[in-house]
Structure formats: C-alpha cells, structure tokens
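Structure record follows, encoded as structure tokens.
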Amino acid sequence: MCSEFDRLAEMKKYVVKVFEECVKSVSPRNIVRNTLRFDSKRLFVNDDSSAYSVPGDVYVVGFGKAVLNMALEVENILNGRLKEAVVSVPFGTQRPSSSHNSRVRVMEAARNNMPDRESVENTNHITSTLARLGSHDLLIVLISGGGSALLCSPTVPLHDKILATNLLSSGGASIEQLNTVRKALSRVKGGRLIGSVQRECTVISLILSDVVGDPLSAIASGPTVPNDDPDCLPIGIVDRFGLRDKMPKSVIDALLRNESFNGTSARFDRVHNYVIGNNAIALRAGIEYASRDFKAVLVTTSLHGDVALVATFYSDLVAYVCGLYAGATDEKRKDQLKVTSSSVVGGGGVDVEGLTNSVVEASSEGRGLCILSGGEPTVMVRGSGVGGRNQELSLRVALALGAARRRDDGLHRFDVLFFSGGTDGIDGPTDACGAFGYPALEDVALSQGLDPSRYVNNNDSYGFYSSLDCGSGDLLKIGHTGTNVMDVHVLIIKPK
C-alpha cells in the first residue's frame with residue numbers, strides 16, 4: 001500500500017503536467033498564430049473580425065517577457081513585409097534558432113524584473129523607431145507581462161523611481177496601484193507612447209495580460225491607451241500607504257504636478273488594442289487536461305489581495321470541500337467560505353453553490369476534485385528573507401492545512417495538495433516559479449529542525465523550501481517560459 005508521501009509524489013507530478021498545459025496554452029507563438037492572418041494587402045485580427053489595409057511598411061515594437069516569440073511569429077505571418085522590429089526583453093531570454101536570420105532586433109534589460117539603465121536605452125530605441133513611421137505605415141505594438149520594467153523613460157531619476165516602486169510594493173500596493181504611480185512618472189506609459197507616433201498611422205496593439213480583469217490601462221502601465229486616472233490619484237496612493245515622507249523629493253514633486261495624458265480622441269481613434277491571451281485561457285487548458293482524471297473546477301481568475309488572506313481562503317475552501325465529501329452540509333463553514341472568498345476574489349467571491357454541486361457530483365462518482373484558480377496576490381514584506389508570492393502562499397496554505405489536520409477537521413481522510421506558480425517561470429527574485437503545500441509539510445519541516453512560521457515571518461519562503469530535505473521536491477524550477485499571464489493555483493483533494 002502506498003504511503004502518504006508516495007501518493008503526494010505522484011500528485012506533484014500530475015500537478016506539474018496540469019501547470020505545463022496551462023503555460024503551453026498561452027505560448028506567444030501559438031496565441032499570435034491563432035490571432036493574425038495576412039493576405040499581402042490586409043492584416044486580419046481575431047478570426048477575420050477586423051481587417052486593416054497595409055499600403056506602406058509594417059513596423060513592430062514590443063516590451064515584455066513574451067514579446068520576442070510574439071514578434072518572430074508576426075514576422076513569419078507577414079511573409080517578408082516586416083520593415084523593422086525592436087523588442088525589449090528580460091536578460092536571459094532564450095532566443096530560438098529561428099531568430100538568427102530575423103529582422104527582429106532583440107534588446108535585453110530589467111534584471112530581476114526591475115527597470116535599469118538598459119531599460120531606458122531600449123525605450124529610446126523604441127521611440128526612435130516610432131519617429132520614423134510614415135502616415136501610410138502600420139505599427140504593431142506587442143505587450144506582455146514585465147512590460148512596465150522594460151519600457152522605461154522616467155521623468156525623475158531612475159533610482160528615485162525604483163525606490164518609489166519598491167516602497168509601494170513592500171507596503172502591499174496592488175499592481176493597479178503601482179501602475180498608476182508609474183504612469184505619472186513616465187514619458188511613455190499611460191498612453192504617452194502614442195504621442196511618438198504619426199497621427200495618421202494605424203496602430204494595432206496585441207496584448208498578453210498579466211493583470212486581474214485585463215484592464216488595458218494597467219497592463220504594462222497602459223502605453224497605448226488614454227490615461228483616465230484623476231491627476232490626484234497617484235499622490236493619493238502614496239498617502240494611503242503613509243509613504244510621502246519616505247519618498248524621494250523628486251517623486252513627490254512630480255506626482256504633485258502630475259497631469260494625465262489623454263491626447264486627443266483623433267490620436268487614439270487609429271489605435272486598436274486586443275487582449276489575445278490571459279489567465280482565463282491558461283486555466284481553461286488546465287481544466288481540460290485535469291478533467292480526464294478528476295472533477296475539474298475553475299473557481300476564479302481574479303484572486304488578489306494579501307497572501308495571508310488568500311491562504312485563509314484556501315484553508316476554508318479545503319475544509320468545506322472535505323466536509324461535503326464526508327456527507328456533511330455545514331452552513332457555518334459555507335458562510336465562512338463566502339466571507340473569506342469575498343475579500344480575495346473579484347466580483348463578490350466564488351460561486352459557492354456551483355462549487356457545492358461539483359463536489360457532490362464528484363463524490364457520487366467516486367472522483368477526486370481538481371480546483372484551478374488564478375490571479376496575482378501580493379505580499380506584505382516585513383522581513384529580510386528571499387521569496388516570492390507563490391512560494392509564500394504555498395507555505396502559508398501548508399501551515400493552515402496542518403493546523404486544520406491537528407484539529408481533526410477530517411483532513412486525515414484525504415490527500416490534499418496545493419500548488420502556486422507564476423506562468424512566467426520566475427517567482428520574485430528566485431530561480432523557482434512556485435512551490436507545493438500540503439498538510440504534513442510543517443511536521444516534516446519540524447522533524448528537520450526547520451520552523452516554517454519563522455520563515456514566513458521573515459518572508460523567506462525560498463530559504464525555507466531550499467533548506468527542506470524532501471525527496472520529491474517542493475520547489476518547482478522551470479526557468480523563463482517566455483510568457484506571463486499571472487499565477488496559476490492548482491488544488492487537488494482526493495479521498496484516501
């Protein structure tokens with residue numbers, strides 16, 4: 001008979017396959033290939049629902065973790081009509097063999113996903129390219145996660161902008177709040193990139209979204225859409241986190257005189273933005289794969305908020321599901337799940353009734369449950385350790401599940417495995433994309449002299465998982481994936 005850890009090892013392998021299917025579905029080349037068609041005179045987008053004439057040359061600019069392969073596929077589709085392409089990508093981006101004879105110029109920047117001198121230089125090259133466009137030319141802008149760090153032309157000293165971003169991020173600011181401040185400190189974000197393009201030039205923007213809800217103004221800080229933020233909003237965000245006295249003077253001065261760039265309606269009339277890939281596409285692929293072996297349920301694509309709250313949500317979710325499997329309809333747990341989910345899931349929380357029906361169906365069929373969710377939680381940094389939101393979330397979920405099992409909440413009758421991973425392959429400043437969490441993790445760690453609570457308090461989830469001696473491995477390292485549509489969470493619950 002297999003031991004609990006043998007079963008967990010097999011479950012981990014399965015979860016990795018589910019995660020790989022999610023990532024593969026948002027492969028930049030696949031997404032672009034399924035979006036564009038070119039007949040030498042017109043470029044068609046989204047199953048020919050939109051068509052654009054191409055009387056002049058075609059230029060491509062891009063910035064983000066996925067844009068190199070996006071650009072190479074655009075070049076392939078255009079079949080010789082590409083005049084020039086420049087893309088800004090992270091250091092270490094793997095270049096496929098097909099790029100050697102390509103017209104796509106690849107520029108690297110943004111070590112550890114932070115803007116740097118190379119980011120600024122690359123942005124200058126991009127804006128110089130835009131200045132060469134004629135009125136009959138077509139511009140294709142490629143945008144993906146990581147674009148904010150790779151398209152950088154600050155109105156304040158770069159180190160001041162980085163400090164401002166770090167202060168907000170460490171304080172728990174959401175990606176939307178961060179991008180609001182970034183736009184106010186930039187010459188190219190918040191629609192200002194379009195100011196470098198001829199008014200008569202048609203612009204098509206193809207976007208892989210890494211933001212909950214796919215708001216165009218927030219993805220890579222909205223370089224191709226008008227900025228409708230109130231002028232007072234950026235400084236208001238700084239004040240909300242009590243950071244005005246800690247911010248560089250240049251940043252505060254710039255935010256106080258901030259004026260959002262709306263351009264003119266005519267300038268943006270010729271700009272056409274398309275979200276061609278997002279978290280929902282990735283999760284649906286994972287659901288399709290997992291449905292072969294489990295009752296697979298997509299709970300949400302809009303998880304957000306502090307990882308501590310998200311971990312509580314998952315702990316309540318597991319307790320509720322296990323109770324349903326055991327034949328108990330606990331209204332108190334049901335109400336508790338509604339409350340905790342409403343604090344971390346957009347739209348008022350998860351569909352608990354739909355989830356209930358799925359669990360009852362799975363139980364009647366004798367099947368386990370595979371729950372997929374997505375989004376981008378945040379971490380309130382209080383310690384000095386190394387980690388990322390995915391690793392810290394998995395560790396926090398493990399601690400919560402372990403505490404529940406010690407209370408004898410019925411978890412001992414189930415195999416439970418949680419995984420959180422970034423679709424870009426990198427979680428924070430580490431070489432891991434994510435980690436696993438399960439009820440016995442804390443006991444395993446304590447038996448090795450590791451106190452996981454201390455690591456959590458020091459925001460040192462990577463240090464914890466790296467120190468843990470676990471035969472099947474609880475860190476997942478896959479390297480840069482070349483795409484980014486936020487995070488994927490996989491939760492498997494199987495009756496023993």
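The values are calculated or read from the model by the stated rules, or taken from the named source; none is laboratory data. Computed from a prediction, not measured in an experiment: that's the story for all the values here. Here the Cβ is made from the backbone with ideal geometry for all residues, glycine too, and neighbour counts use every protein chain on show. What goes into the accessible areas is simple: the full protein's heavy atoms, side chains included, and nothing from ligands, DNA or RNA. Shrake-Rupley method; radii C 1.70, N 1.55, O 1.52, S 1.80 Å.
A compact table of results
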{"item": "In Å², nearest 10: area of GLU259 left accessible to a 1.4 Å probe", "result": "130"}
{"item": "Whole-percent pair-distance distribution, where bins are 10 Å wide, for the alpha carbons of the stretch 171-310", "result": "11, 32, 29, 19, 8, 2"}
{"item": "Helix axis angle, 117-131 relative to the chain longest principal axis, alpha carbon, degrees", "result": "50"}
{"item": "By accessible area with a 1.4 Å probe, ligands and nucleic acids excluded, highest first: order of ASP451, ASP474, ASP47", "result": "ASP47, ASP451, ASP474"}
{"item": "Kirkwood hydrodynamic radius (C-alpha pairs) into Stokes-Einstein, the stretch 1-55, 4 °C and 1.567 mPa s, D in µm²/s", "result": "90"}
{"item": "Cross-link partners of LYS183 among aspartates and glutamates (Cα-Cα below 12 Å; sequence separation of 8 or more within a chain)", "result": "ASP228, ASP229, ASP231, GLU259"}
{"item": "Pairs of alpha carbons in the stretch 42-179 whose separation is greater than 17 Å (percent)", "result": "63"}
{"item": "Carbon + sulfur, % of accessible area of the stretch 1-107 - ligands and nucleic acids excluded, 1.4 Å", "result": "44"}
{"item": "Debye log10 I(q)/I(0) at q = 0.24, 0.28, 0.34 Å⁻¹ for the stretch 35-77, Cα point scatterers", "result": "-0.92, -1.08, -1.18"}
{"item": "Kirkwood-based Rg to Rh ratio, the stretch 97-163, C-alpha trace", "result": "1.02"}
{"item": "Dimensions (Å) - the stretch 211-257, Cα atoms, principal axes, largest first", "result": "33, 21, 16"}
{"item": "For q = 0.13, 0.16, 0.17, 0.21 Å⁻¹, Debye-computed log10 I/I(0) when each Cα of the stretch 240-361 counts as one equal scatterer", "result": "-0.77, -0.91, -0.96, -1.21"}
{"item": "The stretch 343-426, relative contact order [Cα under 8 Å, separation at least 6], %", "result": "21"}
{"item": "Two-decimal Rg to Rh for the stretch 362-496 - Kirkwood Rh, Cα set", "result": "0.98"}
{"item": "The chain - convex hull of the alpha-carbon atoms, volume per residue in Å³", "result": "149"}
{"item": "Peptides ranked, highest mean first, by Cβ atoms within 10 Å: ranges 441-448, 36-43", "result": "441-448, 36-43"}
{"item": "Cα-based helix-to-principal-axis angle, 279-290 vs the chain, degrees rounded to 10", "result": "40"}
{"item": "Kirkwood Rh in Å, taken over the stretch 1-121 so that all alpha-carbon pairs contribute", "result": "16.9"}
{"item": "Carbon and sulfur %, accessible surface of the stretch 234-332 computed with the full protein complex present, 1.4 Å", "result": "47"}
{"item": "Cα pair distances exceeding 19 angstrom across the stretch 211-294, given as percent", "result": "60"}
{"item": "Scaled radius of gyration (Cα, divided by 2.2 N^0.38 Å) that the stretch 341-431 gives", "result": "1.30"}
{"item": "Whole-angstrom Cα spans of the stretch 110-258 along principal axes, big to small", "result": "49, 31, 30"}
{"item": "Those aspartates and glutamates that a straight Cα-Cα span of less than 20 Å connects to LYS24, excepting residues fewer than 8 apart in one chain", "result": "GLU73, ASP210, ASP214, GLU288, ASP293, GLU376, ASP424, ASP427, ASP431, ASP487"}
{"item": "Ranking by accessible area, most exposed first, for SER25, SER384, SER342 with a 1.4 Å probe", "result": "SER384, SER342, SER25"}
{"item": "Percent of alpha-carbon pairs separated by more than 14 Å within the stretch 300-373", "result": "58"}
